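Read through the structure below, which is laid out as structure tokens, and then see the notes.
The values are calculated or read from the model by the stated rules, or taken from the named source; none is laboratory data. Keep in mind it's a predicted model, so treat the numbers as computed, not measured. Don't worry about glycine lacking a Cβ; one is built from the backbone with ideal geometry, like all the others, and counts go over all protein chains shown. Ligands, DNA and RNA are stripped out before the accessible areas are found, and what is left, the full protein with its side chains, is counted by its heavy atoms. Shrake-Rupley method; radii C 1.70, N 1.55, O 1.52, S 1.80 Å.
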Amino acid sequence: MATIVIGAQWGDEGKGKLVDILCPTVKLCARAQGGNNAGHTIVANGVTYDFHLLPSGLINPECQNVIGSGVVVHVPSFFKELTDLEVKGLKDVRSRIFISDRAHIVFDLHQLVDGLEEVELGGKSIGTTRKGIGPAYSTKASRSGIRICEVFNEGLFNQRLRELAAGFKKRYGDLLQYDVEEEISKFNEYRKELGNYVIDQVPLMKSAQDANLPILIEGANALMLDLDFGTYPYVTSSNTGLGGVFTGLALNPTKVKSIIGVVKAYTTRVGGGPFATEDLGEVGTKLQEIGREWGVTTGRRRRCGWLDLVVVKYSAAINHYTSLNVTKLDILDTFSTIKVATAYLDPTTGEELESFPASLELLANVKVKYEELKGWEKPITGAKSFYDLPKEARAYIEFIEKFIGIKVQYIGTGPGRESMITR
């Protein structure tokens, strides 16, 4: 049976830590979408591991790991990440990772194009990681992309990459400084080793599900960055919600045990786009500094603000969470008053909006209705159970549960893997 872990906000909620805690109980950990634009940090046995493309399940020596068909794969980053994990002392990683032969490839070409697209947008740039993810999904959708399985047909692969490069050269001219023959020669090297990891993912997933093996699906990014349901166009280029899990992995929806939405105790986002509860003053700066809010993948500082339950309720309606994991509750330890957004008001009529709006113009101008809760003003990192928390911290969690209508099963109270209360 499968457990699915998905981000409920704009990413960076701390999904990797929950995945790490759940990993010892599973036999298979899988990524369904995204690429190496994701960034999960896991602290285990005093060592910090950064995951971008690889599933965090590699931490568990008993766990097999799959990069699914819906993922886009930058091959040099795949090998570099494996090496980095080995250098940090992880054992036997290369025999426990597989890539779907149907996954699309992110070329260096895509990364160069990503940068050019962002420059073209100027002040309206999306704020992408410039990892080539958007251009790779674009070529996938326009049917000019190249899949992992094609790497092993050298003649066809070389022809298709040259065609892809020629198309982009027509579009960007001399702005595109790219040597297709150089990338082809790199793949002549990668091809030799890549074959050790490539599989047909469909029979693997089917056999694991038929055997009722415990499976963990690690969502990347988060619902508000979803191509269909996020703050488009300030989104990533894949389906980051529940739908992307099924299309990216051939998962049987009748064999899902739980869907856990990961919610940071406040709100952050990276890149452009409206952010209703963003605080550009003292509160936002304090959250950023105490919460160490800068990206694993990019190093960029994250925009910060109070918890937005309009966002969480909207994402719950789409992802159908069976429980929630509230993370980084300890970052609020020093606040005497904590605000929580409970509604958006129409800027013209003052009426409460029914849900999170599609229109970015409306979203940028909504008035936010807040509830104020009393802070606990004491450290909570040592708390082992829900009732070890101060009553104000418990009231904060219970407020979230009541508003969203979903139980908070896990509460993060510090950076270490032991700092998680399970209810």
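The rows are residues; the columns are (1) free of Cβ contacts under 8 Å to residues at least 40 places away in the same chain; (2) of a type in the set (Gly, Ala, Ser); (3) in contact with a strand residue (DSSP E or B) (Cβ under 6 Å, 6 or more places away or on another chain); (4) assigned by the TED database to the domain that holds Gly7.
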site	(1), (2), (3), (4)
Leu345	yes, no, yes, no
Phe356	no, no, no, no
Trp376	no, no, no, no
Ile380	no, no, no, no
Pro390	yes, no, no, no
Gly414	no, yes, no, no
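Please enumerate the residues belonging to segment 285-308 that are assigned to a helix (DSSP H, G or I) and either under 22 Å from Asp228 (Cβ atoms) or among the β-branched types (Val, Ile, Thr) (or both).
Scanning segment 285-308 gives Thr285, Ile290.
Could you grab me the full set of residues in segment 21-56 that are touching a Lys or Arg at 6+ places or on another chain (Cβ under 9 Å), surrounded by fewer than 23 Cβ atoms within 10 Å (Cβ to Cβ) and assigned to a helix (DSSP H, G or I)?
Selection gives Ile21 alone.
Scan segment 209-242 for residues that are within 14 Å of the chain's Cα centre (by Cα) and open to solvent by 10 Å² or more (accessible area, probe 1.4 Å) and report the count.
Counting residues in segment 209-242 that are within 14 Å of the chain's Cα centre (by Cα) and open to solvent by 10 Å² or more (accessible area, probe 1.4 Å) gives 9.
Counting only residues that are touching a residue at least 12 places away in the same chain (Cβ under 8 Å) and either open to solvent by less than 40 Å² (accessible area, probe 1.4 Å) or farther than 12 Å from Phe107 by Cβ (or both), how many does segment 151-165 have?
The number of residues fulfilling the criteria is 9.
Evaluate the following for Val75: is it in contact with a strand residue (DSSP E or B) (Cβ under 9 Å, 6 or more places away or on another chain) and farther than 29 Å from Pro233 by Cβ?
Taking the combined requirement at face value, the residue does not satisfy it.
Going by what's in this entry, would Ile338 be described as buried (at least 19 other Cβ atoms within 10 Å of the Cβ), part of a loop (DSSP other than H, G, I, E, B), at pLDDT 95 or above and among the β-branched types (Val, Ile, Thr)?
So Ile338 fails the test.
If you take the residues in segment 243-283 that are open to solvent by 30 Å² or more (accessible area, probe 1.4 Å) and assigned to a helix (DSSP H, G or I), which one is nearest to His320 (Cα to Cα)?
It comes out as Gly243.
Of everything in segment 403-421 that's farther than 21 Å from Asn319 by Cβ and of a type in the set (Ser, Thr, Tyr), which residue is surrounded by the fewest Cβ atoms within 10 Å (Cβ to Cβ)?
Only one residue tops the list, namely Ser419.
Looking for something among the aliphatic types (A, V, I, L, M), over 21 Å from the mean Cα position of the chain (by Cα) and within 20 Å of Val310 (Cβ to Cβ) - is there at least one such residue anywhere in segment 248-269?
Taking every residue of segment 248-269 in turn, none turns out to be among the aliphatic types (A, V, I, L, M), over 21 Å from the mean Cα position of the chain (by Cα) and within 20 Å of Val310 (Cβ to Cβ).
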